[in-house]
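Trainee: Below is the structure I would like to discuss, written out as structure tokens.
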Amino acid sequence: MTTGLTQDYLGALKAFLPEELRELLRGAGTQVLRCGGLGSLAGLCDREFITGISKNGALLEPFLDVCERFDSEILPSGPGTRLRAGLIAVAQRPD
């Protein structure tokens, strides 16, 4: 599919469940710091809400904290944002 849509510009498309991605990273010798959906809670909010909260600094920081908790603890396998579905993984090599 990616070959037809992108003339193979992106190479092979690979899809993983969160635990599969964690295991690949661990197998490569890294410590997984975070693996899961990104932006799922904000994606459930309508544009008017996001626009309003982004203009209010007193509400924006707490909202971002709740978004981070939602994505990492409540729905870590969430769909991500409306524009970019998928997972994000953050890992580090041992010192």
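Trainee: Could you check the spin-label model distance between THR30 and LEU75? Points 7 Å from the Cα along Cα→Cβ, value in nm.
Mentor: Between THR30 and LEU75, the label points sit 2.5 nm apart.
Trainee: Figure the gain on full extension for LEU44 and ASP65 (residue separation times 0.36 nm, minus the Cα-Cα span) and round it to one decimal in nm.
Mentor: Between LEU44 and ASP65, full extension yields 6.0 nm more.
Trainee: Of all the C-alpha pairs in segment 37-95, what % are more than 17 Å from each other?
Mentor: The share of Cα pairs beyond 17 Å in segment 37-95 comes to 44 percent.
Trainee: Right, here's the next one. Fewest Cβ neighbours within 10 Å first, please rank ARG34, ARG26, ARG93 accordingly.
Mentor: In increasing order of surrounding Cβ atoms, one gets ARG93, ARG26, ARG34.
Trainee: Given the Cα-Cα distance of ARG93 and THR51 and 0.36 nm per residue of separation, how much length would full extension add, in nm?
Mentor: Contour length minus Cα-Cα distance gives 11.3 nm.
Trainee: Over segment 37-95, what is the relative contact order in whole percent, taking alpha-carbon pairs under 8 Å and six or more residues apart?
Mentor: Reported relative contact order: 52 percent.
Trainee: Let me ask something additional. Determine, for CYS67, CYS45, CYS35, the number of other Cβ atoms within 10 Å of each Cβ, and report the residues in order from fewest to most.
Mentor: With the sparsest Cβ surroundings first, the list reads CYS45, CYS67, CYS35.
Rule-based calculations on the coordinates, nothing more; no lab input. Note that the structure is predicted; figures quoted are calculated from it, not measured. Note: ideal-geometry Cβ built from the backbone for every residue, glycine included; neighbour counts use all protein chains shown.
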